[in-house]
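Peer 1: Following this message is one structure expressed as structure tokens.
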Amino acid sequence: MRDNQPAGKYYSKDFMKKLCDLWDFRGSGVTNMHGSTGDIILLGQTTKQLEEVFWTLKLDMAQDMGGSGSNLRTPSACMGQSRWEYACYDTNALVYFLTKEYQDELH
């Protein structure tokens, strides 16, 4: 399963701890950080645990579940202005806008 990365791929220590604790408890503990889709890939999920993982990620951790629907892949951005002083465009704002604008096509 996939968890959509935040814009610029900035994670807090608390978020990463919660994610790893969740995956140790509900999954295999094996992850692929920023796989080919850019999302966090959580490997080794059992069907029995799916609903509990979705619940925790979506409602308790306020995460948007990543997806790769037939219409549009989940968008990803470089760090842009949050890291580069002379960046010409706010890539994080663009990814946020695109995610909200095309939410139905993403899932």
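Peer 1: Could you list all residues from the range 5-28 that are modelled with pLDDT under 85, touching a helix residue (DSSP H, G or I) at 6+ places or on another chain (Cβ under 8 Å) and not hydroxyl-bearing (Ser, Thr, Tyr)?
Peer 2: Hits for the range 5-28 are Ala7, Gly8.
Peer 1: For a quick check of your reading of the model, give me the residue pairs whose first member lies in the range 39-56 and is on the phi > 0 side of the Ramachandran plot, whose second is surrounded by 17 or more Cβ atoms within 10 Å (Cβ to Cβ), with beta-carbon atoms closer than 7 Å and at least 6 apart or on different chains.
Peer 2: Close Cβ pairs (under 7 Å, with a partner that is surrounded by 17 or more Cβ atoms within 10 Å (Cβ to Cβ)) amount to Gly44/Gly27.
Peer 1: So, of the residues in the range 12-30 that are within 21 Å of Leu59 (Cβ to Cβ) and in contact (Cβ under 8 Å) with a residue 12 or more places away in the chain, which turns out to be surrounded by the fewest Cβ atoms within 10 Å (Cβ to Cβ)? Before you say what the answer is, go through the steps one by one.
Peer 2: Quick first cut of the range 12-30, residues within 21 Å of Leu59 (Cβ to Cβ) only: 12, 14-27.
From what is left, the residues that are in contact (Cβ under 8 Å) with a residue 12 or more places away in the chain are 15, 18-19, 22-23, 26-27.
Details: Phe15: 14, Lys18: 16, Leu19: 19, Leu22: 18, Trp23: 22, Arg26: 20, Gly27: 19.
The residue in question is Phe15.
Quick grid of which residues meet (1) at pLDDT below 65; (2) not charged (D, E, K, R):
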| site | (1), (2) |
| --- | --- |
| Arg73 | no, no |
| Gln81 | no, yes |
| Thr99 | no, yes |
| Gln103 | no, yes |
| Leu106 | yes, yes |
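The values are calculated or read from the model by the stated rules, or taken from the named source; none is laboratory data. On a predicted model such as this, the values are computed, not experimentally measured, just so you know. As a convention, Cβ positions derive from the backbone with ideal geometry for all residues, glycine included, and neighbour counts pool all protein chains shown.
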